[in-house]
Amino acid sequence: MTTVADLLEARAEDDHTGLRFEDRSWTWRQVVDESRRRATFLSAVRGEGPFHIGVLLENVPEYLFLLGGAALAGAVVVGINPTRRGEELARDVRHTDCQMVLTDRTQAPLLEGLDLGAPVTLVDDDAYRHALAGGGRPSPPPSEDSLYLLLFTSGSTGAPKAVKVSQGRLADAASVMAGGSGFGPGSVLYCAMPLFHGNALNTCVVPALVSGATLVLRRRFSASGFMADVRHYGVTYFNYVGRALAYVLATEPAPDDADNTLLFGFGTDASPQDISAFKRRFSCPIVEGYGSSEGAISMARGPGTPRGSLGLPPPGTDVVVIDPDTGAECPPALFDAEGRLRNAAQSIGEIVSRDGAGRFEGYYANTEAEAERTRRGWYWSGDLGYRDEAGYFYFAGRNADWLRVDGENFAAAPVERILERFGPVAAAVVYAVPDPRTGDQVMAALEIAGGAEFEPGAFADFLATQPDLGTKWAPRFVRLVGSVPVTGPGKVDKRPLRRERWETADPVWWRPLRSRAGDYIRFGYDDADELRAQFAAHGRLDYLAT
């Protein structure tokens, strides 16, 4: 194992193009020189306490230079998520004990008036540029277990947790990625995913450093600019998270879409339909992986991986699906002739690594969350899944994606897959809303493909013909959204949907609680009043306040 600092120093005399951004470029030698200047600056301004540096920037070269400088100086980079606002953003900075926050004039307004507990430095200010020319005391070289990053998780519930990432762990993971992908000096790696997220660093930025490839930074992701960038820079590889492929596929097709330099893309959370469509349209294979910022579990797809599967964990690792209530392994998933899950209630549980707790480096200043993740000496992913008889894993949602309707527990993801079969649906998000009497009701947010109409009768007919739709799974409420909400890294964010429920300006259709069948009808003010009265009658108004 080595360190990120070692990887940088190995590029100190490399005159191959290391970085391209808009109309500028830097050799790897120049990237290392710029990183050394930041290391000197950071060492000079270091104060007492944890050497933690908050960075709030878009994907600009300065972010990369600060990552390099921190690696050389032994500092810890705290990537600040610009999609968070107000007290939530301030809490991230305070919780991670940042000594300073580095930002620029475009992002600085997000910090105005906040109690950060740390000074703010503008990297596009003359004072900062002057400081980079100054001297500073040398820092001792970091070790493999030196803390390097604090990455906030993008969990679906609760305040994000800051995952610890050491220099050795990141260097090792990036080396595996670069070697397995065949990256080299002739590769051009395109990064438009945000640098505050582990996906960008683990699967693009640091692998480029390991292999000596050219890294192309895009200030922020643009679906309309994606293919233009690919052709302009000669991109051979890109990384993605969440719905990025769907956004690119939504752009106007061109006759020469398949005429490009792409060899493959790698990411997480794309739908099987989007993966297939992307390959057809752009002649570019997509490789899906499964992992998390915590780094304790990973899976990869290979030849023969069933459609929709996450793939297999590395050989020799002990990853299983556990019933959280009993601690026992769930039985294998059973499928019908059309590949539809038959025993969801029995086969879905939490994905657990019984030998992965040691690979998890912990959360910063959150021992309670660490203990929850590593109970019984195992690593509990917080993800729901199931496994077929051949050992392939399938994703079934997050822990917060359990629903309990009429005493039956089930996961959201299988319901989402069924709803996405309905022709006009571009994306479906399923989540729990409270029932006036007890438990939950199912609500779905549907993003309808451009120009299509939602026909409630056709939707009801569709549901009635789905043999794998559980008896409790049909949505009671259907919300039509222009686009499903996503987090900063592009993953679907169910939190605002759960919070707003049916109290939204978006069109909502429903099957009234007094009805057990029939078409969906438009939800209106009178319905909201009646529903609220039912909550009051059963003493559950508090559930509408959460």
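The values are calculated or read from the model by the stated rules, or taken from the named source; none is laboratory data. Computed from a prediction, not measured in an experiment: that's the story for all the values here. Here the Cβ is made from the backbone with ideal geometry for all residues, glycine too, and neighbour counts use every protein chain on show.
For the reader, a short list of remarks on this structure follows.
- For S25, the test of being surrounded by fewer than 24 Cβ atoms within 10 Å (Cβ to Cβ) and among the hydroxyl-bearing types (S, T, Y) is passed.
- Boolean, F360 is closer than 30 Å to L463 by Cα, surrounded by 13 or more Cβ atoms within 10 Å (Cβ to Cβ), out of contact with any Cys (no Cβ under 8 Å at 6 or more places or on another chain) and in contact (Cβ under 8 Å) with a residue 40 or more places away in the chain: no
- Pick from the stretch 194-250, criterion more than 17 Å from V60 (Cα to Cα) and β-branched (V, I, T), ranking: surrounded by the fewest Cβ atoms within 10 Å (Cβ to Cβ): V230
- Every residue from the stretch 402-419 that is buried (at least 19 other Cβ atoms within 10 Å of the Cβ) and either within 20 Å of T326 (Cβ to Cβ) or without any contact (Cβ under 8 Å) to a residue 12 or more places away in the chain (or both): L403, F410, A411
- Residue in the stretch 430-439 that is of a type in the set (V, I, T) and closer than 30 Å to A200 by Cα present: yes
Results for (1) at negative phi; (2) modelled with pLDDT of 95 or more; (3) within 29 Å of the chain's Cα centre (by Cα); (4) surrounded by fewer than 21 Cβ atoms within 10 Å (Cβ to Cβ), shown as yes or no for each residue.
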position	(1), (2), (3), (4)
G18	yes, yes, yes, no
F21	yes, yes, yes, yes
Q30	yes, yes, no, yes
P50	yes, yes, yes, yes
L56	yes, yes, yes, no
A71	yes, yes, yes, no
T83	yes, no, yes, yes
D92	yes, no, yes, no
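- Scan of the stretch 107-133 for residues that are of a type in the set (S, T, N, Q) and under 15 Å from R84 (Cα atoms), ordered by number: Q107
- Some residue of the stretch 161-182 being assigned by TED's automatic domain parsing to the domain that holds E144, without any contact (Cβ under 8 Å) to a residue 12 or more places away in the chain and closer than 30 Å to T367 by Cα: yes
- Summed over the stretch 272-288, the residues that are surrounded by fewer than 19 Cβ atoms within 10 Å (Cβ to Cβ) and either more than 30 Å from A254 (Cβ to Cβ) or touching a residue at least 24 places away in the same chain (Cβ under 8 Å) (or both) give a count of 5.
- Verdict on G289 being touching a strand residue (DSSP E or B) at 6+ places or on another chain (Cβ under 7 Å), of a type in the set (G, A, S), in a strand (DSSP E or B) and at pLDDT below 95: yes
- Listed conditions (1) among the polar types (S, T, N, Q); (2) loosely packed, with under 12 Cβ neighbours inside 10 Å; (3) under 30 Å from I80 (Cα atoms) are all met by T504, apart from (2).
- Flag if Y394 is within 19 Å of the chain's Cα centre (by Cα), assigned by TED's automatic domain parsing to the domain that holds D325 and more than 21 Å from L310 (Cα to Cα): no
- Residue check for Y148: of a type in the set (F, W, Y) and either in contact with an Asp or Glu (Cβ under 7 Å, 6 or more places away or on another chain) or on the phi > 0 side of the Ramachandran plot (or both): no
- Put simply, of R387, R340, R375, R301 the only residue that is in contact (Cβ under 8 Å) with a residue 60 or more places away in the chain and either assigned by TED's automatic domain parsing to the domain that holds L201 or under 28 Å from D172 (Cβ atoms) (or both) is R387.
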